[in-house]
Amino acid sequence: MKRLAILGSTGSIGTQALEVVSSHPDLFQVEVLSAHGNTDLLIAQALKYKPNAVVVTNEDKYEIVKKALESSHTKVFVGQAALMDVVRWDTVDVVVGAIVGFAGLHSIYAAVDAGKRVALANKETLVVAGDLVMKRAMETGASIIPVDSEHSAIFQCLVGEYHESIEKIILTASGGPFRGKKPNFLVNVKASHALQHPNWTMGAKITIDSATLMNKGLEMIEAKWLFGLQNEQIDVIVHPQSAIHSFVQFIDGSLKAQAGVPDMKLPIQYALAYPQRLTNSFKRFEFKDFATLSFEEPDYKTFRNLALAKDAMYKGGNTPCVLNAANEITVQAFLQNRVDFLEMSDIIEKTISKVSYIASPSFEDYEECDAEARKYAEELVKKSPLATH
Ligand code: NDP
Ligand code: MG
């Protein structure tokens, strides 16, 4: 029986992780749940799964949850510090990192520091501080099993292989809803268009990142740290059907791929049960539904966020942290119709040029760079013609 702390249990990944738990009650038990603002769902989850504790990170929401769970045996804690405490508990075997954005970094780092197994969906943690997180995991014996589908695919392809045998990895990208479109089209797209992803249903932030291809850029950086690769060993190919979740190319020229229907429950279940594979009733791959599998080069010129992220990976240091912070601000602003689609890249690029470069940042440096980049990007958002209307 594995006891889980699911951080961000009210989100797209969090709720799917709970579905996996429900289908294997003999193997998984919920010890901790956390949410930020969605108190109704958190309360319902707590009543159903009866965790030992829940953490509400949004302090304004604490009283509501506390009152609702008064007569249950579930303890209610509040704030980031509480989240960092509960992941260290002896009664937690696996921490599911499903908070979105930089907000997930501290609790994941605490779990790694405590030597836990982490089923990691929150890619921003590795984008921002992958060097420090992986180094600490080596020291404490924490294992980080990816939930991100591409990284799960690569992880699965690497089981039984030597690290020296990897020539490169090739991350597949669906291309998002605007694949093939050009700037004259993109300048007019609204959040409601960008939120229509062709193959996956996900939280709003990652869905916008998929439309700008920033998501694939973040995944390149995530892969670099997760698999200990050189920048040159990381490639991207657009594969609109999302049937192949990624490839590893070995030094003998052989390619391994992992394929399946696009369903995040599969990589979630894999990360929770690894090294075991569990039976399930998920939809099976039907070859008749995928008569054609196609591949094309990404359009780095139009989807500048991908180019900016790749560039940030090569620059290293605090650049990915700054890129991530500016991206979080611009995505939020785009969702609120305060910047247009193309301006997002302009703001990220300007923010990167503004924040001083640090080659080997400390954890505190990352915190400061994140705050500085957010402030600067927010100022640029305010200057957008959309925001001033
Ligand atoms: P969602 O937006 O659906 O969920 C985010 C979760 O994080 C919610 O539980 C939310 O709480 C919580 N949260 C939001 N802000 C804060 C905060 N400031 N402090 C603490 N908790 C917070 O996101 P997804 O599930 O889509 O994504 C989660 C992570 O997984 C992201 O990093 C994403 O990149 C990654 N991922 C997601 C995939 C997907 O299919 N969705 C695929 C691959 C990776 P509440 O709702 O209660 O406010
Ligand atoms: Mg992914």
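Before moving on, here are some points about what is shown:
- Criterion applied to A377, A359, A373 was being modelled with pLDDT of 95 or more, hydrophobic (A, V, I, L, M, F, W, C) and surrounded by fewer than 21 Cβ atoms within 10 Å (Cβ to Cβ), and the one residue passing it is A359.
- Considering the conditions (1) more than 16 Å from ligand 2 (Cβ to nearest atom); (2) of a type in the set (A, V, I, L, M, F, W, C); (3) outside any strand (DSSP E or B), L126 is excluded by exactly one of them, (1).
- Just so you know, in the stretch 246-273 the residues that are assigned to a loop (DSSP other than H, G, I, E, B) and within 22 Å of K288 (Cα to Cα) include one that is nearest to the chain's Cα centre (by Cα), and it is M264.
- Selected residue [under 19 Å from the mean Cα position of the chain (by Cα) and near ligand 1 (Cβ under 9 Å from one of its atoms)] from A119, A110, A98: A98
- Residues within the stretch 65-106 that are in a strand (DSSP E or B) and either in contact (Cβ under 8 Å) with a residue 60 or more places away in the chain or not aliphatic (A, V, I, L, M) (or both), tallied: 6
- The requirement of being more than 24 Å from V94 (Cα to Cα), modelled with pLDDT of 95 or more and of a type in the set (A, V, I, L, M, F, W, C) is not satisfied by A271.
- Strands (runs of 3 or more DSSP E) fully within the stretch 1-64 counting 2 or more residues that are not aliphatic (A, V, I, L, M): 2-7, 28-35
- Answer residue from the stretch 274-303, given it is basic (K, R) and part of a loop (DSSP other than H, G, I, E, B) and is surrounded by the fewest Cβ atoms within 10 Å (Cβ to Cβ) among those: R284
- The set of residues in the stretch 4-30 that are touching a residue at least 24 places away in the same chain (Cβ under 8 Å), over 22 Å from the mean Cα position of the chain (by Cα) and surrounded by fewer than 22 Cβ atoms within 10 Å (Cβ to Cβ) comprises S23, H24, D26, L27, Q29.
- Residue identified as over 13 Å from the mean Cα position of the chain (by Cα), modelled with pLDDT under 95, among the polar types (S, T, N, Q) and away from ligand 1 (no atom under 13 Å from the Cβ) among Q156, Q196: Q196
The values are calculated or read from the model by the stated rules, or taken from the named source; none is laboratory data. What you see is a predicted model; the values in this text were computed from it and never measured. Quick reminder, even Gly has a Cβ in these numbers, built from the backbone with ideal geometry, and neighbours come from all protein chains shown.
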